[in-house]
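Engineer: One structure coming up, written as structure tokens, with questions to follow.
The values are calculated or read from the model by the stated rules, or taken from the named source; none is laboratory data. For clarity, every value in this text was computed on a predicted model and none was experimentally measured. Neighbour counts run over all protein chains shown; Cβ positions are idealised from the backbone, glycine included.
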Amino acid sequence: MDPATRQQFLSDYARIREAEGRGSQDPSYYRALPDRDLTGNNAEQWRIRAHSYRYFERKILAPLEKQAQRALDILDLGAGNGWMSYRLTERGQRPVALDIFCDAMDGLGALRHYPQAIRGVAAEFDSIPFRDASFDLAIYNSSFHYSSDYRATLREVRRCLRPDGLLVIMDTPLYRRRDHGEWMRQERQAYFKKTYGFRSDALGSVEFLDQESLAGLSQDLNLDLTCRQPWYGWRWAMRPWKARIAGRRPPSRFVILTGRFRER
């Protein structure tokens, strides 16, 4: 990534996250995530994250642990403040928290708040500083949509996964049609421009997935993908109907994608 582009993104991102009230001086805030947002600033978002994580924990991680009968080497991509790596460490796993944001409140600098030492690495998705076949599991932790080139990003994580390694993409917005995702991106960037004075598009992030792009990625990269749908409650389930009645664009779905790369 061009250094100027990287710095612009980090500056914009830090400003937005601070305005949203992310982080706390209290270590208990970080240790309560994702189940509780002790600040109350982003409680609804954390409610969704908690449902996603607990589904992942029960339906995906637990069977892997049972099968492996050993600690798993896990790459937590877009780890943010490290809450998921903390949860994985509590389960006896060996996570690495990777992010380009090192802020003390909302980035890798917050790792200091956890009782266990968590390994944090400042790096980009498309240039992961680990040897080939280093990880059993790679999780994009509400972060895959920050990629500007999904194919390049997935090729790099494929390099880092062991032959039977599992890929997980969590909490990235998914649309049935690409134009619905583009509509969302335009709305989001217009909101940032009005609220903060910039569009928050320095990285050129894709910002969403759609069904057609998923099919293309699967075919091009020999990737077998499974789409899993956690239950987020009736209020969340009614969003598409409310949007249709109001004449708004269809909302995104949040799913958990799991996948394995076939031999190349």
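Engineer: Looking at segment 82-194, what strands (runs of 3 or more DSSP E) fall wholly within it and have at least 1 residues that are under 21 Å from Thr226 (Cβ atoms)?
Structural biologist: Result: 135-141, 161-175.
Engineer: Of the numbered conditions (1) without any contact (Cβ under 8 Å) to a residue 60 or more places away in the chain; (2) in contact with a Ser or Thr (Cβ under 7 Å, 6 or more places away or on another chain); (3) of a type in the set (Asp, Glu), Asp76 fails exactly one; give the number of that condition.
Structural biologist: For Asp76, the exception is condition (1).
Engineer: So, in segment 103-122, exactly how many residues are farther than 26 Å from Glu65 by Cβ and surrounded by fewer than 15 Cβ atoms within 10 Å (Cβ to Cβ)?
Structural biologist: So the answer is 3.
Engineer: Shifting gears a bit: Give all pairs with beta carbons closer than 7 Å in which a residue from segment 233-258 that is farther than 30 Å from Leu137 by Cα meets a residue that is of a type in the set (Val, Ile, Thr) and not in a loop (DSSP other than H, G, I, E, B); count only pairs at least 6 apart in sequence or on separate chains.
Structural biologist: Partner pairs satisfying both residue conditions: none exist.
Engineer: May I ask you to verify whether Leu72 is touching a helix residue (DSSP H, G or I) at 6+ places or on another chain (Cβ under 9 Å), modelled with pLDDT of 95 or more, crowded, with 21+ Cβ neighbours inside 10 Å and not basic (Lys, Arg)?
Structural biologist: Answer is no for this residue.
Engineer: Determine which single condition Glu90 fails, assuming it passes every other condition in (1) buried (at least 23 other Cβ atoms within 10 Å of the Cβ); (2) more than 20 Å from Ser205 (Cβ to Cβ).
Structural biologist: (1)
Engineer: Which of the residues spanning segment 198-231 are over 24 Å from Gln186 (Cα atoms), in a loop (DSSP other than H, G, I, E, B) and either among the hydrophobic types (A, V, I, L, M, F, W, C) or free of Cβ contacts under 8 Å to residues at least 24 places away in the same chain (or both)?
Structural biologist: Selection gives Leu221, Trp231.
Engineer: For segment 123-160, what are the residues that are surrounded by fewer than 21 Cβ atoms within 10 Å (Cβ to Cβ), under 20 Å from Thr89 (Cβ atoms) and aliphatic (A, V, I, L, M)?
Structural biologist: Once the filter is applied, which keeps residues that are surrounded by fewer than 21 Cβ atoms within 10 Å (Cβ to Cβ), under 20 Å from Thr89 (Cβ atoms) and aliphatic (A, V, I, L, M), segment 123-160 yields only Ala123.
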